[in-house]
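J.: Starting off with a structure, shown below.
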Amino acid sequence: MFSNRVVLSGALDDGTSGLWSIKRLGGVTVVQDPADAQFDSMPVSALEQVEIDHIVPAGEMGRLISTLLAGPTAATSRQGDEQVRERLALETSISADGDAFAKGVTNLGDYTPFTCPECEGVLIRVKEGKNVRFRCHTGHGLSREALLYGVVEKVEMRYWDVMRSLEEAAMLLEEMGHTLDDNGQSRAAARFRDNASQAARQSRQVRDLVLGDDALGSDTLMEEAALRRS
């Protein structure tokens, strides 16, 4: 059966794993020319990790695909094909209806010290040639860049949670201080107001950390990825 896969413009490294599998099964691989892509992360990742048959601008892909479909059926036999087919069958089944652990997801690779950003399940490292990706024991699949972005987003969310909690604590402490003042307990009120000021200072420190120039965030990662490819 003839099979091909096309990777177009896009962020992160989606598509690389599927492209590698199709190449291993004798299919034809096509990637948009990175210079023609609005976002070149996906085609660049594919070119770095997989042997690509055709690199063309998006405007030429229709004609290329028509030519490929009209040509002879690809029947290349590659070493390791059966293992690739078994892995694809397993992962397709997991994606369709879950139950990853019972189906043997842990047989896909080695355990890692990383956890899934979505469910905090243990991540398993899946190697495909030069490419590495991850799947957790509950079934979520992540490329390397997707995992990094997920971890960074999780860190950012927790920073914002801490900042919000500190601000809420500062407001509550301030309110309690006013109540104590109204009841004539000025010494206790002063202590509550001091604690409110401390919580407010800590909240600002967290805000500066999140919004500062040295903050590790998704925008920073995008900029560094662009520099790496330039």
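J.: With an 8 Å cut-off on Cα pairs and a minimum separation of 6 or more residues, tell me the relative contact order of the chain in percent. Kindly include the intermediate steps, with their values, before the conclusion.
T.: Values: 319 pairs, mean separation 32.3, N = 230.
Reported relative contact order: 14 percent.
J.: Here's a follow-up. Tell me what the chain gives for mean residue ellipticity at 222 nm when only DSSP H runs of n ≥ 4 count, each as -39,500 (n - 2.57), the sum divided by the residue total, rounded to 500 deg cm²/dmol.
T.: -18000 deg cm²/dmol, from helical runs alone.
J.: With a 4.7 Å Cβ cut-off, tell me which Cys residues in the chain come up empty for a partner.
T.: Result for the chain is Cys119, no neighbouring Cys Cβ within the cutoff.
J.: Another question, if that's okay. Give me the percent of the accessible area of the chain that comes from carbon and sulfur atoms, probe 1.4 Å, all protein chains in place. Could you put the intermediate results ahead of the total?
T.: On the way: 7060 of 13710 Å².
That share works out to 51 percent.
J.: Turning to a different aspect of this structure: On a 0 to 90 degree scale, rounded to 10, what angle separates helix 144-182 from the longest Cα axis of the chain?
T.: Taking the Cα atoms of the chain, the angle to 144-182 is about 10 degrees.
J.: Compute the long axis of helix 61-70 from its Cα atoms, compare it with the longest principal axis of the Cα atoms of the chain, and write down the angle in degrees, 0 to 90, nearest 10.
T.: Result, in degrees: 40.
J.: If every alpha-carbon in segment 23-124 counts as one equal scatterer, what log10 I(q)/I(0) does Debye give at q = 0.15 1/Å?
T.: Computed log10 I(q)/I(0) values: -0.91.
J.: Kindly express, to the nearest 10 degrees and within the range 0 to 90, the angle between helix 81-97's C-alpha long axis and the longest C-alpha principal axis of the chain.
T.: Value to nearest ten degrees: 40.
J.: What trypsin sites (Lys or Arg not before Pro) in segment 98-166 are in a loop by DSSP, with at most 13 other Cβ atoms within 10 Å of the Cβ?
T.: Lys130
J.: Given a 1.4 Å probe and the protein chains all in place, what does the accessible area of His178 round to, in Å² to the nearest 10?
T.: Using a 1.4 Å probe on the heavy atoms, I get roughly 90 Å².
J.: Please work out the average accessible area per residue across the chain, using the 1.4 Å probe convention, and give it in Å². If you can, show how the numbers build up before the last one.
T.: Values: 13710 Å² over 230 residues.
Here the per-residue accessible area is 60 Å².
J.: Of all DSSP beta bridges in the chain, what percent run antiparallel (nearest 5)? Numbers along the way, then the final one.
T.: On the way: 12 of 19 bridges.
Looking only at bridges with both residues in the chain, the antiparallel portion is about 65 percent.
J.: A further question follows. On a full-extension model of 0.36 nm per residue, what is the gain between Gln38 and Asp97, subtracting their alpha-carbon distance, rounded to one decimal in nm? All intermediate terms of the calculation are to be shown ahead of the outcome.
T.: Details: separation 59, 0.36 × 59 = 21.24 nm, distance 3.44 nm.
Length gained between Gln38 and Asp97: 17.8 nm.
J.: Can you figure out the FRET efficiency of Arg201 with Glu156, using R₀ = 25 Å and their beta-carbon distance, to the nearest 0.05? Mind showing how you got there, number by number?
T.: Working: r = 21 Å, r/R0 = 0.84.
Rounded to the nearest 0.05, the efficiency is 0.75.
J.: Turning to a different aspect of this structure: Which length gain, in nm to one decimal place, applies between Glu118 and Ser165 when the Cα-Cα distance is subtracted from 0.36 nm times their residue separation?
T.: Details: separation 47, 0.36 × 47 = 16.92 nm, distance 2.26 nm.
Contour length minus Cα-Cα distance gives 14.7 nm.
J.: Report the longest stretch of the chain that contains none of the chymotrypsin sites (Phe, Trp or Tyr not before Pro) sitting in a DSSP loop with at most 15 other Cβ atoms within 10 Å. Write out the running numbers ahead of the final one.
T.: Numbers: sites that count: Phe2, Phe39.
Formally, the longest exposed-site-free interval is 40-230.
The values are calculated or read from the model by the stated rules, or taken from the named source; none is laboratory data. Everything quoted here is computed from the prediction, not taken from an experiment. Please note: Cβ atoms are built from the backbone with ideal geometry, for glycine as well, and neighbour counts cover all protein chains shown. We work out accessible area using only protein heavy atoms, side chains counted, and drop any ligands, DNA or RNA first. Shrake-Rupley method; radii C 1.70, N 1.55, O 1.52, S 1.80 Å.
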